[in-house]
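Participant: A single structure is presented below for examination.
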Amino acid sequence: MCPVSAGHHHSSAHYGNKDAVRAVIVSAVALGLAALAEITSSVVSGSASVLADGLHNSGDVLTSFILLFTFALVRRPATRQFSSGYGRFEDVATLLIIVVIIITAAVAAGESVAKLIYPATYSNIPLSLGAALVGVVANLGVSEYKIRVGRGIGSESLKADGIHSRIDALVSAGAFVGIGLAGLGLRLADPIVGILITFAIVYVLAGTVKQLYYRMMDAVDPTIVDEISGAAKSVPGVLEVHDVRVRWVGRELVAVMHVATNPKSTLEDAHALAMRVEDAVCHEVPAARLDIHMDPGTAKHKHAVVGTALDPDDIDEDHDHHHDGSHEPDDHQPLR
């Protein structure tokens with residue numbers, strides 16, 4: 001994260017956020033109690049759908065443990081092997097959560113198809129309805145809680161788990177409706193609703209998969225690049241800003257930029273200017289951590305460009321950067 005003063009300070013993201021850990025623990029407890037209630041009632045009532053929903057909520061408790069492990073791991077300091085720290089493991093955790101959602105969705109679909117072929121016989125319908133309602137309330141509550149906290153701290157994995165809980169509320173609601181209709185004599189309603197819920201799970205999951213893909217491809221919102229570039233250009237003494245590259249590492253934005261300054265500046269002056277640029281950018285984009293390369297003036301010069309696109313006409317020529325003020329920062333940016 002960004003420093004709060006112009007002192008020589010290089011900090012990193014703080015993953016020991018108490019709100020995040022509390023959200024995961026509270027969610028695990030709530031879903032664990034809901035799963036226990038559903039599984040217990042299914043044993044008494046013989047409801048296969050409530051049993052499946054209880055097992056599904058038990059899977060949510062597993063994803064909560066994945067998040068707790070993630071928060072513990074990403075707090076570890078960087079090593080020589082993992083010199084950028086462990087922030088990327090949040091993306092791995094998101095992938096694991098997606099896998100859990102897919103597996104539970106497949107199980108739910110299998111149960112629904114099986115009951116469609118072999119209609120189930122329900123007993124003690126009120127108890128089954130009550131258990132399904134507990135699942136709805138528990139999942140809705142923890143979903144809103146985790147999504148709100150995840151947005152507040154910029155945690156994609158926590159938001160993904162919150163979306164998972166929102167989907168699970170639909171699953172429980174579907175079980176409630178299906179059991180209610182089955183109690184009215186429409187026994188096939190329960191498996192049909194279950195199949196529809198499976199399609200809803202796949203539809204909602206697509207958004208999480210899309211966001212994970214963007215993270216894995218180091219894509220960022222182009223407006224963030226504009227904000228970082230604009231903040232750097234606003235610092236007195238900065239002649240030009242170019243080759244701005246930004247990517248997410250967990251909850252931290254890692255930005256690399258070239259800043260042109262007076263070629264007659266001393267090393268001490270250039271360093272002081274770099275720190276002022278860092279303060280200005282961090283004030284505008286608090287999640288950013290900067291790596292600044294200072295250029296001596298805006299004269300034409302050569303330097304390697306890694307991870308950015310070249311024009312076809314430049315492939316057979318030396319790749320020169322003309323620092324004449326006409327270079328647009330977004331020319332070398334990966335677009336979302």
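The values are calculated or read from the model by the stated rules, or taken from the named source; none is laboratory data. It should be emphasised that the depicted structure is a prediction, and the values quoted were computed from it without experimental measurement. Cβ coordinates were reconstructed from backbone atoms using ideal geometry, including for glycine residues, and neighbour counts include every protein chain displayed. For accessibility, only protein heavy atoms count, side chains too; no ligands or nucleic acids. Shrake-Rupley method; radii C 1.70, N 1.55, O 1.52, S 1.80 Å.
Participant: Take the stretch 176-209 and flag every residue that is small (G, A, S), surrounded by fewer than 20 Cβ atoms within 10 Å (Cβ to Cβ) and in contact with a helix residue (DSSP H, G or I) (Cβ under 9 Å, 6 or more places away or on another chain).
Facilitator: Residues satisfying the conditions are G180, G183, A189, A200, G207.
Participant: Moving to a separate point now. Mind listing whichever residues of the stretch 210-223 are open to solvent by 30 Å² or more (accessible area, probe 1.4 Å) and either of a type outside the set (D, E, K, R) or in a helix (DSSP H, G or I) (or both)? Steps first, please.
Facilitator: Taking the stretch 210-223 as the starting set, the residues that turn out to be open to solvent by 30 Å² or more (accessible area, probe 1.4 Å) are 210-211, 213-214, 216-218, 221-223.
Matches in the stretch 210-223: K210, Q211, Y213, Y214, M216, M217, P222, T223.
Participant: Hey, another quick one. For the stretch 74-100, give me each residue that is under 19 Å from R215 (Cα atoms) and assigned to a helix (DSSP H, G or I).
Facilitator: Once the filter is applied, which keeps residues that are under 19 Å from R215 (Cα atoms) and assigned to a helix (DSSP H, G or I), the stretch 74-100 yields V74, F89, E90, D91, V92, A93, T94, L95, L96, I97, I98, V99.
Participant: Specify the residue that is surrounded by the most Cβ atoms within 10 Å (Cβ to Cβ); the eligible residues are those in the stretch 46-101 that are under 14 Å from E156 (Cα atoms) and among the acidic types (D, E).
Facilitator: Applying the filter and picking the extreme gives E90.
Participant: Now for a separate question. Can you pull out every residue in the stretch 156-172 that is open to solvent by 10 Å² or more (accessible area, probe 1.4 Å), among the hydrophobic types (A, V, I, L, M, F, W, C) and in contact with a Gly (Cβ under 9 Å, 6 or more places away or on another chain)?
Facilitator: The answer is I163, V171.
Participant: Still on this model: Hey, among G150, G207, G178, G174, which residue is at pLDDT 80 or above and part of a helix (DSSP H, G or I)?
Facilitator: Result of the check over G150, G207, G178, G174: G150.
Participant: Name the residues in the stretch 101-128 that are touching a helix residue (DSSP H, G or I) at 6+ places or on another chain (Cβ under 6 Å), closer than 15 Å to D53 by Cα and either aliphatic (A, V, I, L, M) or outside any helix (DSSP H, G or I) (or both), would you?
Facilitator: I101, A105, A108, A109, L127
Participant: Would you pick out the residues in the stretch 140-155 that are closer than 18 Å to A93 by Cα and open to solvent by 50 Å² or more (accessible area, probe 1.4 Å)?
Facilitator: Within the stretch 140-155, R151 is the sole residue that qualifies.
Participant: In contact with a helix residue (DSSP H, G or I) (Cβ under 7 Å, 6 or more places away or on another chain), surrounded by 20 or more Cβ atoms within 10 Å (Cβ to Cβ) and part of a helix (DSSP H, G or I): does that describe A132?
Facilitator: yes
Participant: Any idea which residue in the stretch 210-246 is nearest to A175 (Cα to Cα), counting only those that are in contact with a strand residue (DSSP E or B) (Cβ under 7 Å, 6 or more places away or on another chain) and modelled with pLDDT under 85?
Facilitator: Taking the stretch 210-246 and keeping what is in contact with a strand residue (DSSP E or B) (Cβ under 7 Å, 6 or more places away or on another chain), we get 215, 218, 220, 224-225, 228-229, 232-233, 237-246.
The next check asks that each one be modelled with pLDDT under 85; those that pass are 215, 218, 220.
On the way: R215: 34, D218: 39, V220: 39 Å.
It comes out as R215.
Matching residues to (1) out of contact with any Pro (no Cβ under 9 Å at 6 or more places or on another chain); (2) charged (D, E, K, R); (3) touching a residue at least 60 places away in the same chain (Cβ under 8 Å):
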position	(1), (2), (3)
K115	no, yes, yes
A131	yes, no, yes
Y145	yes, no, yes
S165	yes, no, yes
G180	yes, no, no
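Participant: Still on this structure: Looking only at the stretch 224-260, count every residue that is part of a strand (DSSP E or B) and either open to solvent by less than 10 Å² (accessible area, probe 1.4 Å) or farther than 16 Å from T298 by Cβ (or both) and tell me the total.
Facilitator: Kept after step one, since they are part of a strand (DSSP E or B), are these residues of the stretch 224-260: 240-249, 252-260.
Filter once more, keeping what is either open to solvent by less than 10 Å² (accessible area, probe 1.4 Å) or farther than 16 Å from T298 by Cβ (or both): 241-249, 252-257, 259-260.
Number satisfying all stated conditions: 17.
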